[in-house]
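Take a look at the structure below.
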Amino acid sequence: MASLDARATPGYPGEGKADADQHREQVGEQLSELQERLYAAGREDEKAPSVLVILQGMDTSGKGGVIRHAIGMVDPQGVQFTSFKTPTKEEREHDFLWRIEKALPEPGMIGIFDRSQYEDVLIVRVEDLVPAQEWEKRYDIINKFEADVVARGTRIIKCFLNVSKAEQQERLLERLNNPEKYWKYNPGDVDARLQWDEYQAAYADALERCNTDVAPWYVVPADRKWYRNWAVAQLLLETLEEMDLSWPEADFDVAEEIERVTAAS
């Protein structure tokens with residue numbers, strides 16, 4: 001984990017922050033059409049594909065920022081968003097994947113997970129919430145689950161937003177020094193920060209053990225917000241392009257409907 005550069009900008013086609021908005025907007029224009037094709041397919045076919053974007057990262061890594069500035073460029077009616085908090089009483093009565101399965105995107109939709117099934121091998125592991133032999137089994141269970149989800153027609157984009165410890169401290173202090181950002185601050189974030197090394201080890205295992213051909217991890221450097229937002233948008237764009245989506249064909253006689261509409265004038 002220490003070798004991953006949180007300030008790197010791999011693949012970025014521009015000069016830097018100065019032209020980041022321009023490049024992100026260009027991606028957004030292409031995303032808009034492809035997402036509309038995906039949504040249209042879902043309206044016509046219950047077996048249409050879908051996309052799931054999983055956002056994981058330490059506090060302040062920018063999951064919310066990605067949702068606003070990257071995912072926010074597409075039509076919200078085609079997006080299903082789920083934020084996974086501490087399991088409810090009902091959720092604790094089921095298998096750890098029960099709530100994940102319930103939140104999977106419907107055909108034609110882009111699903112966004114703010115945290116995910118990986119919490120059950122991250123916080124659960126670091127906070128010692130279940131015995132080690134319990135969370136150890138979950139890596140293979142998650143891999144099998146994701147393979148099944150992909151086989152059912154959902155493309156999975158797993159993004160680890162990699163923020164450095166120094167940058168996290170700056171962002172936490174920024175929240176404390178600005179009354180307009182107090183609402184963003186959570187004292188519990190410092191508790192997690194005190195266990196930074198333990199979380200890094202847990203993330204390292206999750207990235208290595210759940211990096212499969214059908215659902216690979218993408219490590220997104222997150223110290224530069226402008227790059228982070230562009231990178232996730234670009235990953236979504238590339239995924240939609242690979243899906244080779246087409247517009248649904250008309251299930252009616254087009255010429256006849258043109259005549260009817262004209263006559264109705």
Checklist outcome for this item: Residue hits (region 111-134; among the hydrophobic types (A, V, I, L, M, F, W, C) and either more than 16 Å from Pro87 (Cβ to Cβ) or open to solvent by less than 30 Å² (accessible area, probe 1.4 Å) (or both)) are Ile112, Phe113, Val121, Leu122, Val124, Val126, Ala132
Checklist entry - Restricting attention to region 152-171, which residues are open to solvent by 10 Å² or more (accessible area, probe 1.4 Å), touching a residue at least 60 places away in the same chain (Cβ under 8 Å) and more than 30 Å from Gln35 (Cα to Cα)? => result Ser164, Glu167, Arg171
Next on the checklist: Just to be sure before I move on: is Lys89 within 21 Å of Ala147 (Cα to Cα), open to solvent by 60 Å² or more (accessible area, probe 1.4 Å) and either of a type in the set (Gly, Ala, Ser) or without any contact (Cβ under 8 Å) to a residue 60 or more places away in the chain (or both) in the structure I sent?
Outcome noted: no
Checklist entry - Is at least one residue of region 34-46 open to solvent by 40 Å² or more (accessible area, probe 1.4 Å), of a type in the set (A, V, I, L, M, F, W, C) and in a helix (DSSP H, G or I)? => result no
Checklist entry - Only one of Asp114, Asp120, Asp75 is closer than 30 Å to Leu34 by Cα and at pLDDT 95 or above; which? => result Asp114
Checklist entry - Limited to region 54-89, what total is found for residues that are outside any helix (DSSP H, G or I), touching a Lys or Arg at 6+ places or on another chain (Cβ under 9 Å) and either on the phi > 0 side of the Ramachandran plot or not basic (Lys, Arg) (or both)? => result 15
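The values are calculated or read from the model by the stated rules, or taken from the named source; none is laboratory data. All of these numbers come straight from a predicted model, not from anything done at the bench. Note: ideal-geometry Cβ built from the backbone for every residue, glycine included; neighbour counts use all protein chains shown. Remember, those area values only see protein heavy atoms, side chains included, never the ligands or the DNA or RNA. Shrake-Rupley method; radii C 1.70, N 1.55, O 1.52, S 1.80 Å.
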